[in-house]
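The values are calculated or read from the model by the stated rules, or taken from the named source; none is laboratory data. This one's a predicted model, so the numbers in the text were calculated from it and none came from an experiment. Reconstructed Cβ throughout: ideal geometry from the backbone, glycine too, with neighbour counts over all protein chains shown. To get the accessible areas, we keep the full protein, side chains included, count just its heavy atoms, and leave off ligands, DNA and RNA. Shrake-Rupley method; radii C 1.70, N 1.55, O 1.52, S 1.80 Å.
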Amino acid sequence: MKNNLHDKNLKKNKILKNLLNKSNKNIEDKIVTVKVTKKIDSDRFQKAFNKLLSTKN
């Protein structure tokens, strides 16, 4: 169970890294954008993030 959670976290981090690397913005802007979006609309953000992860399998 613990390894499965760790694997999911690694997978999420890898996907985030790939997405951030594909964009033209600098990393600080990207991080701020993600943090603000998550705080403003956390439910929609979580749904979109989970959908993104499921499509990258």
Given the DSSP H assignment, sum -39500 (n - 2.57) over each helix run of at least 4 residues in the chain and divide by its residue total; what's the result at 222 nm in deg cm²/dmol, nearest 500?
-28500 deg cm²/dmol
Which Cα, out of Val34, Phe45, Leu16, lies furthest along the positive dipole direction of the chain (beta carbon charges, K/R +1, D/E -1)?
Leu16
Would you mind telling me the share, in percent, of accessible area of the chain contributed by carbon and sulfur at probe 1.4 angstrom?
55
When only alpha-carbon atoms count, how far does the chain stretch along each of its three principal axes, as whole angstroms with the largest first?
35, 24, 20
